[in-house]
């Protein structure tokens, strides 16, 4: 966690068998303790990725958060 310099958006689902939510939670809190820019969104009924979203609302929320995150951070990088 201490070597991560890039702002990080973490999206997880309770049913994700590739990256368990407990691992995501530990990384999130480690990054926060280090003062890193990190956002963690956990979908209680989702799986691995937007394709495994349990509801249409979660599917749209997942993608909208990614689009917004990239728009914010890529625009910021271009002006730096």
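The values are calculated or read from the model by the stated rules, or taken from the named source; none is laboratory data. Bear in mind that the values here come from a model prediction, so they are computed numbers and not experimental data. A quick note on method: Cβ atoms are made from the backbone with ideal geometry, for glycine too, and the neighbour counts reach across all protein chains shown.
Here are the numbers for the structure shown:
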read-out	value
The one condition in (1) part of a loop (DSSP other than H, G, I, E, B); (2) more than 14 Å from the chain's Cα centre (by Cα) that residue 36 fails to fulfil	(2)
Top-ranked residue in the stretch 1-52 [being modelled with pLDDT under 90 and exposed (fewer than 12 other Cβ atoms within 10 Å of the Cβ); ranked as farthest from residue 69 (Cα to Cα)]	17
Qualifying residue in the stretch 70-79 (condition: modelled with pLDDT of 90 or more, outside any loop (DSSP other than H, G, I, E, B) and in contact with a strand residue (DSSP E or B) (Cβ under 9 Å, 6 or more places away or on another chain))	yes
